[in-house]
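Written out below as structure tokens is the structure these notes cover.
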Amino acid sequence: MVNRVYAKISLENLTHNYRLLKRNLGNIPLMAVVKANAYGHGALPVTKKLASLGITHFGVASFKEAKALIDAGIKGSFLVFGITDPYYREVLTEEGMIQTVDSYAYASKLKPKEGTIDVHVKLDTGMSRFGIYCHSDKDIDNTVTEILKIASLDHIHIDGIYTHFAAAEADRPFTEKQHRLFLEVIDRLKTMEVVIPWKHAANSAAILNADLSGINMARSGIALYGYPPVDVYGFLPVMSLYAKIVSIRTLKKGDTVSYSRIFTAPDVMKIATIAIGYEDGYLRFNTSRDYVIYKNTKCRVLGKICMDACMIDVTDVPSKVGDFVCVMCEQKDARVLAKNQQTITYEVLTNIGNRVERVYDDET
Ligand SMILES: Cc1ncc(COP(=O)(O)O)c(C=O)c1O
């Protein structure tokens, strides 16, 4: 029995989205990006499901995210996108994780007591976040030299090389430039007999609208979860969000609602308190902007959103304590919330709080 609020996670829709991506990818395998608790969907059930569909590579932000999945019995290759403090280098080797490296200096510090560590070298071809700086042709020599130095380290095994597109959903010329620089570095390495098994660049947007030549793996997060950042049809949202009505009251004209009293009842009206607040990821920014759906009716959110609850207008809806209202569902998906919150679907999904119960349609 759900106590307050729950996120319904459709692993069936996740499977459907994966199959759609596969249509674009053909034989190119997909690395599923399951960082940030699988974008809020629950890393373990999501990764388990994706592994059961044959995915073998998973992208995480930190070694701790990978460790939790490995400890839970998920088999696969885990690429840590973020920089792991060298203090934790033994865990990387012991658990067989793949670490992103962005320089010779960093790679040198990853020397384990014994054995080697698998790494993917990250190139910064224009994102200016992580990676060896390679924003133009002039940077290629230095980039190649840096990679050769990394390759010369006895404790390092370069299993892959990758870059990340900064604007694949919107800026084709810039994406093409990033892609070209990436492939040129790989070609130069090849002429020096440095052959790197995995070469990956594309994220969801690029998988759906960019050239994938020269790469042999792609990485997707947001499209798997149903929100491709480009206009394509057929992807289905994986998460919906429902909050319980926990109290109903009738207001008299002039009564005010919630903190700071920004809403005053213009007349007699009926309101319901629902058990979702900003701690659950229903941001205060939705105050006076958003609505929920209850019995096919749009019910306005009234007054400020509190930490654990907020109030909605149910004057015209026969309402009952214990019913659930849709905060995010098919009729009002994460794009609506993203628009209200002046953000992107990624942020809406990853903001959904830990205390929101995740309910799965099927667990493999
Ligand atoms: C390195 C890296 N690859 C792939 C992705 C997945 O991107 P998307 O969710 O747009 O598919 C991310 C997400 O931020 C990322 O950081």
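The values are calculated or read from the model by the stated rules, or taken from the named source; none is laboratory data. Predicted, not measured: the structure shown is a model, and the values here were computed from it. Cβ placement follows ideal geometry from the backbone for every residue including glycine, while neighbour counts extend to all protein chains displayed. We work out accessible area using only protein heavy atoms, side chains counted, and drop any ligands, DNA or RNA first. Shrake-Rupley method; radii C 1.70, N 1.55, O 1.52, S 1.80 Å.
What the table below lists for this structure:
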{"item": "Sequence-separation-based contact order of the range 227-349, relative, with Cα cut under 8 Å and 6+ spacing, percent", "result": "28"}
{"item": "Relative contact order for the chain, counting Cα pairs under 8 Å that sit 6 or more residues apart, in percent", "result": "19"}
{"item": "Farthest toward positive dipole pole in the chain [+1 Lys/Arg, -1 Asp/Glu at C-beta], among Asn13, Ile271, Thr100", "result": "Ile271"}
{"item": "Where a label projected 7 Å from the Cα of Ala170 along Cα→Cβ would reach, residues of the range 232-263 with amide N under 19 Å", "result": "232"}
{"item": "Packing-based order for 71-84, 247-260, using average beta carbon neighbours within 10 Å, highest first", "result": "71-84, 247-260"}
{"item": "Under 5 Å, built H, 5+ apart or other chain: amide partners of Thr315", "result": "Lys270"}
{"item": "Rounded to whole Hz, the Karplus (6.51, -1.76, 1.60) HN-Hα couplings of the range 99-105, x for glycine and proline", "result": "9, 6, 10, 10, 5, 5, 4"}
{"item": "D_trans [Stokes-Einstein, Kirkwood Rh over alpha-carbon pairs] for the range 220-303, 10 °C, 1.306 mPa s, µm² s⁻¹", "result": "104"}
{"item": "The range 33-99: proportion of alpha-carbon pairs further apart than 17 angstrom, %", "result": "32"}
{"item": "Per residue, in Å², the accessible surface of the chain once ligands and nucleic acids are set aside, probe 1.4 Å", "result": "45"}
{"item": "Relative contact order [Cα under 8 Å, 6+ residues apart], the range 11-220, whole percent", "result": "17"}
{"item": "By accessible area with a 1.4 Å probe, ligands and nucleic acids excluded, highest first: order of Lys122, Lys320, Lys177", "result": "Lys320, Lys177, Lys122"}
{"item": "Proximal charge balance of Tyr227 [Cβ under 15 Å; K/R count +1, D/E count -1]", "result": "-2"}
{"item": "Formal net charge of residues neighbouring Ile352 (Cβ-Cβ distance under 12 Å; K, R +1; D, E -1)", "result": "-1"}
{"item": "The range 143-201: GluC sites (Glu not before Pro) in DSSP loop, at most 13 other beta carbons within 10 Å", "result": "Glu193"}
{"item": "Total formal charge among the other residues, if their Cβ is under 11 angstrom from that of Thr116, Lys/Arg +1 and Asp/Glu -1", "result": "-3"}
{"item": "Over the range 11-220, equivalent-ellipsoid semi-axes from the Cα gyration tensor in Å", "result": "26, 23, 13"}
{"item": "Antiparallel bridge percentage (DSSP; both residues within the chain; nearest 5)", "result": "45"}
{"item": "Listed residues Leu208, Ala151, Phe130: farthest to the positive end of the dipole of the chain (Cβ charges)", "result": "Leu208"}
{"item": "Taking N as its residue count, the alpha carbon Rg of the chain over 2.2 N^0.38 Å", "result": "1.15"}
{"item": "The chain - percent of accessible surface contributed by carbon and sulfur, probe 1.4 Å", "result": "50"}
{"item": "Kirkwood estimate for the range 250-364, i.e. one over the average of 1/r between Cα atoms, Å", "result": "14.8"}
{"item": "Simple Cβ-charge dipole of the chain, Lys/Arg +1 and Asp/Glu -1, about Cα centre, in debye nearest 20", "result": "1240"}
{"item": "Lys/Arg +1, Asp/Glu -1 at C-beta; the range 164-287 dipole; positive extreme among Phe182, Gly254, Met217", "result": "Gly254"}
{"item": "Any cysteine of the chain lacking a neighbouring Cys Cβ under 4.7 Å - listed by number", "result": "Cys134, Cys299, Cys306, Cys310"}
{"item": "Residue-by-residue Karplus 3J(HN,Hα) for the range 111-117, coefficients 6.51, -1.76, 1.60, Hz, glycine and proline x", "result": "4, x, 4, 9, x, 10, 10"}
{"item": "Alpha-carbon centroid distance for the pair the range 217-232 / the range 114-177, whole angstrom", "result": "22"}
{"item": "Exposure rank, largest accessible area first [His57, His16; 1.4 Å]", "result": "His16, His57"}
